[in-house]
Amino acid sequence: MTRSIWKSTAPKRNFPRLNEHINTEIAIIGGGITGITTAYLLAKSGKKVVLLEAGTISGGTTGDSTGNLYAMVDKRLHHIQSKWNEDTASKVAQSRGQAVNLVEELVNKYQIDCSFKRVPWYLFSETEKKDETIEKEIKAAAHYGLPVEEVQNLPIPVKVSKAIKVEGQAQFNPAAFVRGLAESIDSANCRIFENSEVHHIEKEEDLVLSTDSGKVTAKKVILATHTPKGIYGLQTALYPYREYAIAAKLNSGDFPDGIYWDTEADFHTSMRTYSKGEDNYVLVLGGHHKVGQEDDYSRFFRKLEQNARRHFDVASIDFEWSAQHYKPADGLPYIGESSDDNIFVATGFSTDGLTYGVLSAMILNDQLNDRENEWSDLYKASRFTPVKSAKNFIKENLNVAKQYIKDLPGKAEAGSFDEIAAGQGKVVEVENEKWAVFKDEKGQVHCQSAVCTHMDCIVDWNDAEKSWDCPCHGSRFKATGEVIEGPAFSPLDKRSMNPKK
């Protein structure tokens, strides 16, 4: 199993499991940076809040992120400008900059030990093929008031054709920040529960959220779950991808602060440094694919290690992990009230989720306190942008349609349980039904339906993370069927093993 450097090094925090029925104004599902920051702001404003986290605080996508905060976006500001207009790109940069400032303000106010520091952000090309991208971003960043300058070399040992630097961006340990902020929330107005997975939201006079051991009744609900839980039309405009990361401990060399983005390399698209005590690490991130649509997931970690060793004096690879993100059809996140009355969402962050998560909290806090927010119209979840979304919408939904073909007879990966090695899983056809079969290290076989409980797509075995991943809308399940993340509420349906298999 994989584990991020952030989850491994952040101080532990413990919150109880929900074991009662609570009435509240606002219920938040999700204890990552979006949910915790929103809970903090709402509680500070006097709202009564209950936050439910399925696992542990910051134990999901937040704890598997890069730990970078910046005003730029992964698709580049000049791309936002060309798809939308200059005013939109300017607002994106300004709003994201304000979110980074809020993180710094909270770190200082509560003295959160999360290694927060301001660092420069770099974008570079290794060959002339991508120099034009750099030139476009220079113009865009300068136009929107960012402190950008062109540089000839980088303080890390990589080949450079053209590069720019933007000062004043930031880095931190996101898991430590979220856990520290959770401890600082006004407990008189907000109650936080861990290990309290919501299985259902029932719409009565109010909204009732059910867990295994309790219920929460709320006037309004915020789905701070990275993608909305349940079935929403919005999910046709959200496209799930995974990206990979390693933390390499170094023997020697300079350890320059900074966020380094490579415009060309498939397997080290982003790099940064991190120090913990006397240990210095280089984090190398890259690899990119649709969820549940790979044959060899482990190869991404191997490729990242090769790239790290080529550039740095690596002693060991101490951590490796991956993270999920959802690309929005028109390039901007969806933040605000959903198509369901009184249910609010914050999703479509792409790989810019830490900054967008904090920005979502700022917007939702204003909306739920009936205040104007200068960014809410830009990111509103109910927007309809067919022209800006059309190309991605058609491409990605055709891809989803193809995944349903896996349900045809004869598409199973194994003909019998004997073909499955210890520690591995395969889809097996049993009496014309697809089963997701996992054989643990002791040889015990665990059987469940291979049909995703979200929208009936057939799941795929992820050999690197020992999980069942849905290639349609990104739901992921443990090897034994329990939900890890994504829009699915329910685990994979259990099956009784057929001795003949």
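The values are calculated or read from the model by the stated rules, or taken from the named source; none is laboratory data. Bear in mind that the values here come from a model prediction, so they are computed numbers and not experimental data. Glycine also receives a Cβ, built like all others from the backbone with ideal geometry; neighbour counts cover every protein chain displayed. The area values use the complete protein model at the heavy-atom level, side chains included, leaving out ligands, DNA and RNA. Shrake-Rupley method; radii C 1.70, N 1.55, O 1.52, S 1.80 Å.
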Using a simple spin-label model with points 7 Å from Cα along the Cα→Cβ vector, what separation in nm is obtained for Ile231 and Ser161?
4.8 nm
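With Cβ to Cβ distances under 15 Å as the rule, what net charge do the other residues near Asn14 carry (K, R +1; D, E -1)? Mind dumping the intermediate values first?
Numbers: positive: Lys7, Lys12, Arg13, Arg17, Arg179, Arg191; negative: Glu53, Glu183, Glu194.
Summing Lys/Arg as +1 and Asp/Glu as -1 gives +3.
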Between Lys109 and Glu278, what FRET efficiency follows from the Cβ-Cβ distance if R0 is 30 Å, with the result rounded to 0.05?
0.55
Add +1 for every Lys or Arg and -1 for every Asp or Glu among the other residues with Cβ under 11 Å from the Cβ of Asp366, and state the total.
-2
Heavy atoms of Ile164 accessible to a 1.4 Å probe, total area in Å² rounded to 10
0 Å²
For the pair Ser82 and Arg309, what calculated FRET efficiency results from E = 1/(1 + (r/R0)^6), where r is the Cβ-Cβ distance and R0 = 45 Å, to the nearest 0.05?
0.75
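Can you give the accessible area per residue of region 1-108, in Å², using a 1.4 Å probe?
So region 1-108 comes to 36 Å² accessible per residue, rounded to a whole number.
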Report the relative contact order of the chain, percent, no decimals, based on alpha-carbon pairs under 8 angstrom and at least 6 residues apart.
17 percent
Lys and Arg at +1, Asp and Glu at -1: add these up for the other residues within a Cβ distance under 9 Å of Leu209 and post the number.
0
With every protein chain left in place and a probe of 1.4 Å, what is the accessible surface of Arg371, to the nearest 10 Å²?
110 Å²
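Which of the peptides 336-343, 125-132 is most tightly packed, and how do the rest follow, judged by the mean count of other Cβ atoms within 10 Å per residue? Intermediate values should be presented prior to the final figure.
On the way: 336-343: 16.9, 125-132: 14.2.
Those peptides, ordered most packed to least, come out 336-343, 125-132.
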Free-by-geometry Cys in the chain, Cβ-Cβ under 4.7 Å as pairing rule, reported as Cys114, Cys190, Cys447
Heads up, I need the accessible area for Ile28: 1.4 angstrom probe, whole protein in place, Å², nearest 10.
0 Å²
Could you do me a favour and compute the accessible area per residue for region 417-501, 1.4 Å probe, result in Å²?
41 Å²
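Would you calculate a helix-derived [θ] at 222 nm for the chain, using -39,500 (n - 2.57) for each DSSP H run of n ≥ 4 and dividing by the full residue count, to the nearest 500?
-8000 deg cm²/dmol
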Carbon plus sulfur, as percent of the 1.4 Å-probe accessible area of the chain, comes to 45 percent
Pairwise label distance in nanometres, Lys494 with Leu102, each label 7 Å out on the Cα-Cβ vector
4.3 nm
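How much length, in nm to one decimal, is gained on full extension between Lys442 and Gln152, taken as 0.36 nm per residue of separation minus their Cα-Cα distance? Display every interim value, and only then the final one.
Details: separation 290, 0.36 × 290 = 104.40 nm, distance 5.55 nm.
Fully extending the segment from Lys442 to Gln152 adds 98.9 nm.
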Region 279-379 accessible area per residue, 1.4 Å probe, protein heavy atoms, integer Å², reads 34 Å²
What shape does region 80-142 have by the C-alpha gyration tensor, where a ≥ b ≥ c are the square roots of the eigenvalues, rounded means a/c under 1.5, and otherwise prolate means a/b greater than b/c and oblate the rest?
oblate
